[in-house]
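Participant: I have a structure I would like to understand better, so I am pasting it below and will then ask my questions one at a time.
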Amino acid sequence: MTGLPRPWALLAELTHACPLRCPYCSNPVELVRRSAELTAADWARVFGEAAGLGVVHTHLSGGEPLLRPDLAEITASAVRTGLYTQLVTSGVGLTETRMAELLDAGLHSVQLSVQDADPVSSDRIGGRRSFPAKERAARLVVESGLPLGLNVVLHRHNLDSLDEIIALGLSWGVSRIELANTQYYGWAQLNRAALLPTREQLARAEPTLRRWRDRLAGSVEVIWVVPDYFEGIPKPCMGGWGSLSITVGPDGTALPCPAAYALPGLDPPSVRDRPLAWIWESSPAFNAYRGTAWLPEPCAGCPRREIDFGGCRCQAFAITGDAGRTDPACALSPDHHLIKELTEGGDPAAPAELVYRGPRRRRGAVGEVMVSAPPEQPIG
Amino acid sequence: METDWRPALAPAVLLRRDGVTGADLLVMPERVVVLNEQAGAVLRLCDGASTVTQIVDRLLADHPGAPVAEEVPVFIDRVRGEGWVR
């Protein structure tokens, strides 16, 4: 098809099961059951189709992908199709044996999450003891010679530790640190009141970030995912809808973005029913907000429309109930006051308790408490 | 530049031919660099076995008259600054 962008990346959510229960998890609030997961053979077909479309990177993610006993087989099939294959993991379950299997399968890189620099705080945010497993995982990856990246989701409870978090990453031998301010959809939206940092916290973080970036220039890459609630400028979500990346969920649901499960009426296609080429090029879901022709005002006449494409659709839906409106994070959005009310409400003391991720009753009311979900199966 | 340096791609970096456009790509975690024809030709020769002088000589044999001796060492040094060759 002429004029259509080609996808560069495939986010493969191999399972939604996870030993951790982070209250900002990017998985949907209604998690996919393990019995509905794609098989390794299904994934091999998806990787082949993705490579055929031009995909270069795949991120084997979850949930916790190490909960798939067939992860090495899945990795090998991705590598065989020529994809640069990265494991995205909590580190829980990454034993010496499994690291060796993955290395053997041709894995190219590992991205490890940590919840805070302090072990007690990291375990508290993740909802279980996991810090020692993360330390071990980092050591095994570095010893294997693969590049290691650290991913840290930032919020009220760890933003003041930014300095220690970056120092921790360096002591673990990472070559890349992604500092991702929380994006408030799904679980994070349920926990927004407890997670939103203060403007003062962000102001304190800024010089810390700058200092480290200067010091590490040319050696360790430090990525900062902007706190768009505070900046008045929307982020070009996923580099534009249906323009760079494909997410495939555990059951084969294909989406332009991992947060898009929640968009009503999107009717996402499945790789079980359709080839990825049709999904990318022709499916209504991938075309719904592609390009700029669909843009509402004030985006349609905005000089930044080719930069941010009206911002994030999932955020427009989360805040206004309409995914087709301008992202309210934008200072020019007619709905921007809704974001300002959330960030300027004073609110100095952390209010609500954290609601940990866990199985959730279908049709449960938003805000209903769900705690104490044990991991679905033992690991390691 | 050290005369005995034998540049090689960093371990995290792969040189790939793009299936869609045929261009050379440098692929690394979370990043793809699309190379032009000249850059691809130079980096393909960064095999860890050849010195910069040998790389220049080989390119000159293929492209007589091109400003290879002036430009290629500068390019390789710049790419080293990015951490893509070492």
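The values are calculated or read from the model by the stated rules, or taken from the named source; none is laboratory data. Values in this document were obtained by computation on a predicted structure and should not be read as measured data. As a convention, Cβ positions derive from the backbone with ideal geometry for all residues, glycine included, and neighbour counts pool all protein chains shown. We work out accessible area using only protein heavy atoms, side chains counted, and drop any ligands, DNA or RNA first. Shrake-Rupley method; radii C 1.70, N 1.55, O 1.52, S 1.80 Å.
Participant: Just give me the residues in region B:31-47 being β-branched (V, I, T) and either within 30 Å of A:E178 (Cα to Cα) or open to solvent by 40 Å² or more (accessible area, probe 1.4 Å) (or both), in sequence order.
Facilitator: B:V32, B:V33, B:V34
Participant: I've got another one for you. As an exercise: evaluate A:V56 against (1) of a type in the set (A, V, I, L, M, F, W, C); (2) buried (at least 24 other Cβ atoms within 10 Å of the Cβ); (3) under 23 Å from B:V32 (Cα atoms); (4) in contact with an Asp or Glu (Cβ under 9 Å, 6 or more places away or on another chain) and give the number of the one condition it does not meet.
Facilitator: Of the numbered conditions (1) of a type in the set (A, V, I, L, M, F, W, C); (2) buried (at least 24 other Cβ atoms within 10 Å of the Cβ); (3) under 23 Å from B:V32 (Cα atoms); (4) in contact with an Asp or Glu (Cβ under 9 Å, 6 or more places away or on another chain), the odd one out for A:V56 is (2).
Participant: When region A:239-266 is examined, which residues are found to be in contact (Cβ under 8 Å) with a residue 60 or more places away in the chain and within 14 Å of chain B (Cβ to nearest Cβ)?
Facilitator: Result: A:L244, A:S245.
Participant: Hey, could you check region B:19-29 for residues that are open to solvent by 10 Å² or more (accessible area, probe 1.4 Å) and within 9 Å of chain A (Cβ to nearest Cβ) and say which is nearest to the chain's Cα centre (by Cα)?
Facilitator: B:M28
Conditions tested, residue by residue: (1) modelled with pLDDT under 95; (2) away from every other protein chain (no Cβ under 11 Å); (3) in contact with a helix residue (DSSP H, G or I) (Cβ under 9 Å, 6 or more places away or on another chain); (4) surrounded by 15 or more Cβ atoms within 10 Å (Cβ to Cβ).
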| residue | (1), (2), (3), (4) |
| --- | --- |
| B:D4 | yes, yes, no, no |
| B:A12 | yes, no, no, yes |
| B:L15 | no, yes, yes, yes |
| B:A49 | no, yes, no, no |
| B:D62 | yes, yes, yes, no |
| B:V85 | yes, yes, yes, yes |
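Participant: Restricting attention to region A:113-124, does a residue exist that is open to solvent by less than 10 Å² (accessible area, probe 1.4 Å), over 19 Å from A:V248 (Cα atoms) and part of a helix (DSSP H, G or I)?
Facilitator: yes
Participant: Right, something else. Pick from A:S144, A:S171, A:S161: which is of a type in the set (S, T, Y) and within 14 Å of another protein chain (Cβ to nearest Cβ)?
Facilitator: Just one listed residue meets the conditions, A:S144.
Participant: Follow-up question, since we're still on this one. Pairs, please: C-beta under 7 Å, at least 6 apart or cross-chain, first residue more than 14 Å from chain B (Cβ to nearest Cβ) and in region A:67-88, second of a type in the set (V, I, T) and open to solvent by 20 Å² or more (accessible area, probe 1.4 Å)?
Facilitator: A:L67/A:I379
Participant: I've got another one for you. I need every pair where a residue in region A:315-339 that is in contact (Cβ under 8 Å) with a residue 40 or more places away in the chain has its Cβ under 7 Å from the Cβ of a residue that is among the basic types (K, R), sequence separation at least 6 or different chains.
Facilitator: Pairs found: A:A323/A:R313.
Participant: Within region A:1-47, track down each residue that is open to solvent by 10 Å² or more (accessible area, probe 1.4 Å), under 19 Å from A:D251 (Cα atoms) and aromatic (F, W, Y).
Facilitator: Within region A:1-47, no residue meets the criteria.
Participant: Moving on. When you scan region A:129-206 for helices (runs of 4 or more DSSP H) that lie fully inside it, which ones turn up with 1 or more residues that are under 24 Å from A:K340 (Cβ atoms)?
Facilitator: A:186-190, A:192-195
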